[in-house]
């Protein structure tokens, strides 16, 4: 991981709210950006860890796709377990590279239109995982690192984009490029 510059929780929240609005092909409302942190906690709480506060260190970084990105902790919920993307019971079962391997083995790509769009767009180099398409990661929780010993960071936002990119890398259909990310680190 190469740190590029300092950032802030407010910058992350503003970026996220703008990205969500763009998915709906609209500009964010003034009320959304007036108090971005409050609005994130209220409307997108899953993208905010309880420990995100004034002591959290925020930075923009470039992640190496083959080392840093591959070892991010992926979401574990009923949907990812039901889809067999996340299969508990072995070390590192939530690591992005393992999740992508599971997806490849069951031809998961054909199931989700959004994942196909990301896959094809990244393959054609129509967009990169940077700027408005960057991802967000944060310090992994101790319980996440216990069951995924290779992990240090959790994939907070960008699961679909990262899964598509990791599939391309596993299939040797894309060249490895740095991935830009917001990085939130828990204070010591």
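Bear in mind that the values in this text are calculations on the coordinates, not laboratory data. This structure is a prediction, so every number in the text was calculated from the model and none was measured. Backbone-built Cβ (ideal geometry, glycine too); neighbour counts: all protein chains shown.
Quick check, is residue 125 more than 29 Å from residue 17 (Cβ to Cβ), surrounded by fewer than 14 Cβ atoms within 10 Å (Cβ to Cβ) and out of contact with any helix residue (DSSP H, G or I) (no Cβ under 8 Å at 6 or more places or on another chain)?
It is false that residue 125 is more than 29 Å from residue 17 (Cβ to Cβ), surrounded by fewer than 14 Cβ atoms within 10 Å (Cβ to Cβ) and out of contact with any helix residue (DSSP H, G or I) (no Cβ under 8 Å at 6 or more places or on another chain).
Can you tell me which residue within segment 78-97, out of those that are in contact (Cβ under 8 Å) with a residue 24 or more places away in the chain and part of a helix (DSSP H, G or I), is farthest from residue 141 (Cα to Cα)?
Checked segment 78-97; the qualifying residue farthest from residue 141 (Cα to Cα) is 97.
Mind checking whether some residue in segment 109-125 is assigned to a loop (DSSP other than H, G, I, E, B) and either within 14 Å of the chain's Cα centre (by Cα) or closer than 25 Å to residue 2 by Cβ (or both)?
Within segment 109-125 (the criterion being assigned to a loop (DSSP other than H, G, I, E, B) and either within 14 Å of the chain's Cα centre (by Cα) or closer than 25 Å to residue 2 by Cβ (or both)), the answer is yes, since at least one residue qualifies.
Among helices (runs of 4 or more DSSP H) lying entirely in segment 1-63, which contain 3 or more residues that are more than 17 Å from residue 132 (Cβ to Cβ) and out of contact with any strand residue (DSSP E or B) (no Cβ under 9 Å at 6 or more places or on another chain)?
Output list reads 30-34, 36-43.
Taking residue 62 and the conditions (1) within 15 Å of the chain's Cα centre (by Cα); (2) farther than 20 Å from residue 180 by Cβ; (3) in contact (Cβ under 8 Å) with a residue 24 or more places away in the chain, which numbered condition does it fall short on, given that it satisfies the others?
The single condition residue 62 does not satisfy is (2).
Under the condition of being in contact (Cβ under 8 Å) with a residue 12 or more places away in the chain and touching a helix residue (DSSP H, G or I) at 6+ places or on another chain (Cβ under 9 Å), which residue from segment 99-110 is surrounded by the most Cβ atoms within 10 Å (Cβ to Cβ)?
Filtering segment 99-110 for residues that are in contact (Cβ under 8 Å) with a residue 12 or more places away in the chain and touching a helix residue (DSSP H, G or I) at 6+ places or on another chain (Cβ under 9 Å), the one surrounded by the most Cβ atoms within 10 Å (Cβ to Cβ) comes out as 99.
Scan (1) in contact with a helix residue (DSSP H, G or I) (Cβ under 7 Å, 6 or more places away or on another chain); (2) free of Cβ contacts under 8 Å to residues at least 24 places away in the same chain; (3) surrounded by fewer than 18 Cβ atoms within 10 Å (Cβ to Cβ) for the single condition residue 75 breaks and write down its number.
Tallying (1) in contact with a helix residue (DSSP H, G or I) (Cβ under 7 Å, 6 or more places away or on another chain); (2) free of Cβ contacts under 8 Å to residues at least 24 places away in the same chain; (3) surrounded by fewer than 18 Cβ atoms within 10 Å (Cβ to Cβ), residue 75 fails exactly one: (2).
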